[in-house]
Amino acid sequence: MQKLTKSLSEHLPPVKLFLDDLEQIVEILQEVSKKVKISTNDYAFEDLKELVNKKYESINKLHISISDPYVSLDLESYGISLYIEKDEPISRGLFEKIKQILIQRKRPFGWLLTNWYLAGIFAGISIPLLIIGIEKNISSFIILGIIPFGCIAAIWTVYGLRNQSKSNSIIIPKYKNEAPSFIKRNSDKIILIIFSALAGGIITFLVEKWIVPYLR
């Protein structure tokens, strides 16, 4: 009788990785195999230096693996797949070390930004408040009804800026302390958002001041 060796895989939530994290992952794999395969959709690389030399601004799909023992990490736009062919002590050790890095780098509030139920909850709060506010001419209800819609707009604006290609996982092939901040990368769009918010506030004020009284 022989005990069969099983494989092990796990799907993890989206992450944001920098070059520092990729180096750690490659170093972990190199503990048992010097030949680490690295590839994107378009290219296969000998090492991380070649990847950096491509000067990608960001990457949404990356494959990293070794052959003996077989361990693979697939970073996709929608999440991550970590796999070992044989659930044995050496492979399992690599698996857990890499998993720990990925858990530490999962995108904050990702569940909130991608949860469609959130929009339904806010809409369920906003619509009744707006209806009552307009019918009874209660300005506080109207304002409270508008706020949840503003929250939805803000959340999905941030989601759109952070995930311009409808992707959740993102890899920045630069060291974390060298990568431009979120605000710097999106300064033009943030200015537009602020301008839009101000315009929305003015429109809301005009609606409440001049239009709502005629709906009584």
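The values are calculated or read from the model by the stated rules, or taken from the named source; none is laboratory data. Small disclaimer: the values here were computed from a predicted structure and weren't measured. A quick note on method: Cβ atoms are made from the backbone with ideal geometry, for glycine too, and the neighbour counts reach across all protein chains shown.
Criterion applied to Lys16, Lys61, Lys54 was being in contact with a Lys or Arg (Cβ under 6 Å, 6 or more places away or on another chain) and either under 13 Å from Ile171 (Cβ atoms) or of a type in the set (Gly, Ala, Ser) (or both), and the one residue passing it is Lys16. Take Lys16 and tell me if it is touching a residue at least 12 places away in the same chain (Cβ under 8 Å), assigned by TED's automatic domain parsing to the domain that holds Glu88 and more than 21 Å from the chain's Cα centre (by Cα). No: the conditions fail for Lys16.
A search for C-beta distances below 7 Å between a residue of the stretch 25-51 that is closer than 24 Å to Ile103 by Cα and any residue that is polar (S, T, N, Q) and surrounded by 15 or more Cβ atoms within 10 Å (Cβ to Cβ), counting only pairs 6+ apart in sequence or on different chains, returns Lys37/Ser65.
All conditions in (1) in a loop (DSSP other than H, G, I, E, B); (2) in contact (Cβ under 8 Å) with a residue 12 or more places away in the chain; (3) over 21 Å from the mean Cα position of the chain (by Cα) hold for Lys97, with the sole exception of (1).
Applying the condition of being out of contact with any Asp or Glu (no Cβ under 7 Å at 6 or more places or on another chain) and β-branched (Val, Ile, Thr) to the stretch 81-110 and asking which residue is nearest to Ser169 (Cα to Cα) yields Ile103.
With aromatic (Phe, Trp, Tyr) and touching a Pro at 6+ places or on another chain (Cβ under 8 Å) as the only criterion, which of Tyr70, Tyr43, Tyr78 stands out? Reasoning before the result, please.
Working: Tyr70 fails: touching a Pro at 6+ places or on another chain (Cβ under 8 Å); Tyr43 fails: touching a Pro at 6+ places or on another chain (Cβ under 8 Å).
When all the criteria are applied, what remains is Tyr78.
If you go through the stretch 28-51 and pick out every residue that is surrounded by 12 or more Cβ atoms within 10 Å (Cβ to Cβ) and not small (Gly, Ala, Ser), you end up with 13.
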